[in-house]
Structures are given as structure tokens and as C-alpha cells.
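Visitor: Dropping the structure in here first, questions after.
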Amino acid sequence: MGQDDQIGQSQDSDLTSAASAFARLMAEDKRQEIRLLWWQIGISAVVIALVAAYFILR
Amino acid sequence: MMDLLTYLCLIFVALGTVPTLVSFAQFVMVGLHGIWNHYSKCADYTPRVAFVLPAWNEAEVLGRSIDSLMQIDYPAGAWRIYVVDDASTDHTPEVMREKMVQYPGSVFHLRREKGGQGKAHTLNHGITAILDENWAEAVMIMDADVLFEPLTLRRMTRHLADPEIGGVTAYVKEGSTPDHLLSRFIAFEYITAQAAARRAQNVMGAMVCMAGGAQLHSRENLLAIGGAIDTSTLAEDTYTTFKTQLAGRRVVIDANAIVWAEEPDSIAALWKQRLRWGRGNLQITAAFRHLWFTSGRLTTLGGLPFGLLWFSAALTPLFMILGAVGLVGLYFLWAPWAKEAFDVFWLATFVVYFAETLFCFAIDPVASRKCWLEGLIFPGLVSVALMVVAISGVKITGSTDRLSLATWSWGDTAAVLILAWTGLAAPAAWLVYRIDRAGAPKWLRNALLLVVGYGPLLCAIAFAAIIAQLRKADLKWDKTIKSGKARIQT
């Protein structure tokens, strides 16, 4: 294997690792947004339940 | 006549709930950001970025900011730092000489020999120099004290891969170390006003403001808006945000991109900063008067939802006063209705407050671990107590249905004060500000702030801004003094 091939392989591996780092970052941030959506659904359910209980027990 | 006045009072009470209801509508949209966000159009895009740091006597903070910027995770050689020194009289030039030696080819010092014209003029000095060269593909406008987390720039530039995006802003977090009561209030405020509200604005498709501490523009966008920042208002960041969107490009926040800043450590300093922001926003209201509640091309930026959002924030004090007038008026006209209206008003406030506070804790659990108490008492202990009164059903009105001075009692006085609290909270907050400015001990200031609330303090400042604009008071750019207390926190 020549020196040029080794340089080429090293550049390829840098690019692959940068691409996977970016993919990880994107996945992490998308997960965070989905997590917030579920939190909001949960909190809304709790609030609706509390308001309903308040008016029933009033 | 009596009936007409009663209905008028009911309308006033309904208007008093407008800021609360608009805030709730915005809160509902935050979760939708999980579905409607800009991530699907992002790509691994790392343009050459020029950071512009306007600096006037920033020797205390500049070195740390430059060091933090030089440690970011970004392709080598793809970012430069331009410090625009607005004729500083402290050691800023010495700090810059040292940093230029430490980071050759990456840090540049642009000095204005005549300064003091304000941040926008200083920024323009740097932006002109940057655009004159062909090197920068994007420009990051920021403050000299702002600290970037390592991945923040990457998180922001990925949005510029979409040519429809002209500007990207980040979530600015309060980073004063050690923290204190006011910094924790501000930390919670920024969860609501930035991490939450701006996510909702992403969903709406129109952004109110890109934070002045972290505004990333594509080169094309800066050129499209004239290659300069507007110098005619005190809110140059909001003006730039509007101009960008009117020029046909979108603005988004990446709330996962975080920067840290030092915010005011006294009520007096906060008042000065926020008064400037408030007056700047009123100037923008007038400057873009053709925009409000329009349809057609400008539907998103100036349409009904955006207009409601804008005016409910700018005119919150007036809505609060109307609410108080309505409740007190009802007490005099037909006391039982006053109690009913009071209950509805404060129950609605409680539901929104409870849901939003819990959600803010979920949005930024790390910050919330430090500022949860300030989040809970954000509206002030008096307002929290009134919510409890409304929930518990305690009778606050007198025994008679229609009041007369002949039967007036201390109980009636107390009832009027309770009903009028939404209107009295802002003057009470103004008193706390005056007490702080008079040099009162910190414990007293803090105790009063807890009782009155941070929310009413912001409301009082918004009211002072309206008064200052109506009086055409002197417009001057008062810089917020920074002492280098901000740290990146994990």
C-alpha cells in the first residue's frame, strides 16, 4: 500500500468520523425536542385532570 | 347605565387576561417544536465564520471570551475573532495585543478612535471591515462577555445549510458565578423567554428577536439588509431580526445551542438595561407600524398571532391595569360578580402559571435545579397567595351586594386592595427599584422582591418605557457593566 493510499484512507476516516459526530449531534437534539413534546403532553394531562377534579369537587 | 358599566368592567377583566392567554397559546406551541422544527433541513455545514465582538472597556471579560471562542469544536482555521474596540480607555488594547500574539491570524483588533455612539455603530465598524474582505461566509454578532459552549457554533451553522435561513440565534443562559437571587430570577426568565418562547416562534414561522449576544447571519443576509446594523433605535438586534425576515429570509433559534452571559446584579442595573430594551421595542413598534395585523405577504411576521404576541408583551402593564380597574369597578357596582370575576381571573392565571412553570423545569432541568424556587415565586408571593385564595374559594368581598360609603369597612378596603393587586404590583415593584437605588441593604431588597415578584418588576419597567417614550425622554445607549462573573456551567 502506497503513502498516498494511506493519506487517502486517513482523510476518509476523518470524514466518516466527522459525519458520524454530526449525525450523533443531530440525533441528540432531535431526541431533546421529542422529549419536550412528551413532557408537554404529560403536563397538559396533569393540568387538565387537576382542573377537572377542581370543578367536580367544588 | 349601571348595566353598561358592569359589562364594561367585565370587558376590562377579560382584557386583563390577554397577556396570560397569549402566553398560554405560545406555551402550547413549544411542544409542537418536537414535530415542526428546522432540523430536517440542516446539514453538516461549516462556513468560515467571523465573530464580531463590540467592546468598550471590556478588559475584565474579553480575555475569557476570546479563550472560550478559541476552544470551540469547529474546523481549524474556519473562524476568526474581530474585536471592535470602541475607543476603550481601560486595558482593552493591552488584552488585545496579548491575545493577538497568543492566537496569530485568528484574533483581530479593530479600534475606533472616536467612540461612545453605541453598540450598533461599533458593530458596523467591524461588519464593514469583514464584508470588505471576501473571507467570511457568515458573521456572528455577539457581546464581549458571552461565552460559547464548544458545540454551539456547529449547532448554529447547520441551519445556514438551508439558503432560506438568514439568521440563527442561540439560547443565552445566565452564567453569573456565584449566583444570587436576581441572577436566578433572570435564569428562569430566560428559560421562559428564550428556550420556550423562541421555540414557539420557530413553530409560528416568525421570530421576535435574535438575541444580541449570539446572532449568526449568512453573508448574503447581511448584504441583503444593507450590510449594516440599524442605528436609529435602542433595540438593534430586534430591528435586524425584522429586517432579515422582511428581506425574505427566515430566522430560527437553535435552543440546544447555548451561550453564557453575565446579566445585571442589581435591580437598578436591570432597570436601566430593560428600559433600553423596552424603549427600543416601542421604537420598533412605530418604525414597522405598516406591518401590524396585516395579511398577505407579511402574514407571518405582522399577522394576528404575531401582533398579539408583540403587543401583549409591550402593553402588559396596560392590560394589568385594565384588569384591576375592571375588578375594582365590579366591586362597587355588584360585589358578588367581583368575586366571580376575581376567581376566574386568578384561576386562569394559576393554570397557566402552573403548567408553564412545570414545563420550564422540563425544558432546562440543569438551570432549574438552581432556580426552581425563583421559578415558583416568579409572579411574587402576593400573587401566588391570591391564586391560593381563588382556588380555595375564600370569600373576599363584603356582605352587601352594592356598596355605599355609609357601610364602608376595613374589610372593604382590604377587598379593594386584593382586587386591585394586578394594577398595584407594578407600582410596588417600582418602589422596590427605588429602594434598591437608594442603597438599601441586599436582604431588604431581596425580601421585597420575593413579596412583589420579578414578573411585576418587568411589568413596571415596561410601563416606565411607555412613559419615557410618551415623554420623549432622552435616548441614550447605556451600556450594562460586566465584571467577568460569567462561567460556562454544566
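Visitor: Out of segment A:15-58, which residues are acidic (D, E) and either within 7 Å of chain B (Cβ to nearest Cβ) or touching a helix residue (DSSP H, G or I) at 6+ places or on another chain (Cβ under 6 Å) (or both)?
Guide: A:D29, A:E33
Visitor: Which residue pairs have Cβ atoms under 9 Å apart, sit 6 or more places apart or on different chains, and have a first residue in segment B:124-135 that is surrounded by 17 or more Cβ atoms within 10 Å (Cβ to Cβ) and a second that is β-branched (V, I, T) and in a loop (DSSP other than H, G, I, E, B)?
Guide: That search, which allows pairs on different chains as well, returns B:N124/B:I229; B:N124/B:T231; B:I127/B:I229.
Visitor: How many residues are at positive phi and buried (at least 16 other Cβ atoms within 10 Å of the Cβ) when one looks only at segment B:88-123?
Guide: 1
Visitor: Considering only residues of segment B:18-35 that are touching a helix residue (DSSP H, G or I) at 6+ places or on another chain (Cβ under 6 Å) and surrounded by fewer than 19 Cβ atoms within 10 Å (Cβ to Cβ), which is farthest from the other protein chains (Cβ to nearest Cβ)?
Guide: Here the answer is B:F24.
Quick grid of which residues meet (1) among the polar types (S, T, N, Q); (2) modelled with pLDDT of 95 or more; (3) farther than 22 Å from B:P379 by Cβ:
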| position | (1), (2), (3) |
| --- | --- |
| B:I191 | no, yes, no |
| B:Q215 | yes, yes, yes |
| B:E220 | no, yes, yes |
| B:I229 | no, no, yes |
| B:E236 | no, no, yes |
| B:Y239 | no, yes, yes |
| B:G248 | no, no, yes |
| B:W277 | no, no, no |
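Visitor: Oh, and also: Looking only at segment B:138-169, how many residues end up being within 14 Å of chain A (Cβ to nearest Cβ) and more than 23 Å from B:G248 (Cβ to Cβ)?
Guide: Selection size over segment B:138-169: 7.
Visitor: Please work out if B:I363 is away from chain A (no Cβ under 14 Å), in contact with a helix residue (DSSP H, G or I) (Cβ under 7 Å, 6 or more places away or on another chain), within 25 Å of B:G175 (Cα to Cα) and not aromatic (F, W, Y).
Guide: Against the criterion (away from chain A (no Cβ under 14 Å), in contact with a helix residue (DSSP H, G or I) (Cβ under 7 Å, 6 or more places away or on another chain), within 25 Å of B:G175 (Cα to Cα) and not aromatic (F, W, Y)), B:I363 does not qualify.
Visitor: So, in segment B:37-60, of the ones that are out of contact with any strand residue (DSSP E or B) (no Cβ under 6 Å at 6 or more places or on another chain) and modelled with pLDDT under 95, which residue ends up farthest from B:T422 (Cα to Cα)?
Guide: This residue is B:A59.
Visitor: Do we have B:S392 as within 14 Å of another protein chain (Cβ to nearest Cβ) and modelled with pLDDT under 90 here?
Guide: Considered against the rule, which asks whether it is within 14 Å of another protein chain (Cβ to nearest Cβ) and modelled with pLDDT under 90, B:S392 comes out as yes.
The values are calculated or read from the model by the stated rules, or taken from the named source; none is laboratory data. Worth saying up front: this structure is predicted, and the values here are computed from it rather than measured. A quick note on method: Cβ atoms are made from the backbone with ideal geometry, for glycine too, and the neighbour counts reach across all protein chains shown.
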